[in-house]
Amino acid sequence: MRLWSKLAAAAAVVSAVVAGGSAAHAQTPVNPLLPTTGTREIGISGNFAFEPTEFYNIDLLFGPFLNPNLQVGGTFGFADAEGADSSFTIGAFANYHFPTASAALPFVGVLIGYADSGANDSVTYGLQGGVKYFLNQNVSINGTLRYLDVDDGEDFRLLLGISAYLR
């Protein structure tokens, strides 16, 4: 039951943002560098730590833009921590973007997936938000703050990455 209540809350937040953002977006000029309907994003992001233990996480993503605001897609991730089993994740996401006149593209999103860390398998779900900063029409650098709820706890991380866009 806990999973469904959190997913319902996440869906309500995204719905409110989408409804509120659509009216404001209609009057804002949009930078031509930003993605349009049909643009596909291929990205890599990750995070790492050296102290107190070595840890790294790499995520790959692919997702088409259904319109300039809404993007859906899939992710594959791999994580390794010193003294622990390696793990992989596979999942799906939906991001809502807020195009502006600048090269920065803020977004919020939801995600759900499956994680396997050796002896433990779990369903993951969470929220994320961040900014994609476009260097040109085909490349952005990204920062994402992500919260994940997994069966054995919670995970909060900052991911940094780069993406290519196929138009």
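The values are calculated or read from the model by the stated rules, or taken from the named source; none is laboratory data. These numbers come from a predicted model, not from an experiment. Cβ placement follows ideal geometry from the backbone for every residue including glycine, while neighbour counts extend to all protein chains displayed.
Brief remarks on what is shown
- Scan of region 71-110 for residues that are surrounded by fewer than 17 Cβ atoms within 10 Å (Cβ to Cβ), among the hydrophobic types (A, V, I, L, M, F, W, C) and within 13 Å of the chain's Cα centre (by Cα), ordered by number: Val72, Phe76, Ile90, Ala92
- The listed residue being of a type in the set (A, V, I, L, M) and touching a helix residue (DSSP H, G or I) at 6+ places or on another chain (Cβ under 9 Å), out of Leu127, Leu34: Leu127
- Of all the numbered requirements in (1) under 23 Å from Thr100 (Cβ atoms); (2) exposed (fewer than 15 other Cβ atoms within 10 Å of the Cβ); (3) modelled with pLDDT of 95 or more, Ala24 misses one, and that requirement is (3).
- Qualifying residue in region 120-143 (condition: loosely packed, with under 13 Cβ neighbours inside 10 Å and among the charged types (D, E, K, R)): yes
- Every test in (1) among the acidic types (Asp, Glu); (2) modelled with pLDDT of 95 or more; (3) more than 21 Å from Leu158 (Cβ to Cβ) is passed by Asp116 save one, and that test is (2).
- Wholly enclosed strands (runs of 3 or more DSSP E) of region 24-110 bearing at least 1 residues in contact (Cβ under 8 Å) with a residue 12 or more places away in the chain, over 17 Å from Ile141 (Cα atoms) and not acidic (Asp, Glu): 55-64, 70-81, 87-97
- All positions within region 119-139 that are among the aliphatic types (A, V, I, L, M) and modelled with pLDDT of 95 or more: Leu127, Val131, Leu135, Val139
- Hits in region 85-118 (condition: touching a Phe, Trp or Tyr at 6+ places or on another chain (Cβ under 6 Å) and small (Gly, Ala, Ser)): Ala103, Ala104, Gly109
- Residue in region 124-133 that is of a type in the set (A, V, I, L, M) and under 22 Å from Tyr56 (Cβ atoms) present: no
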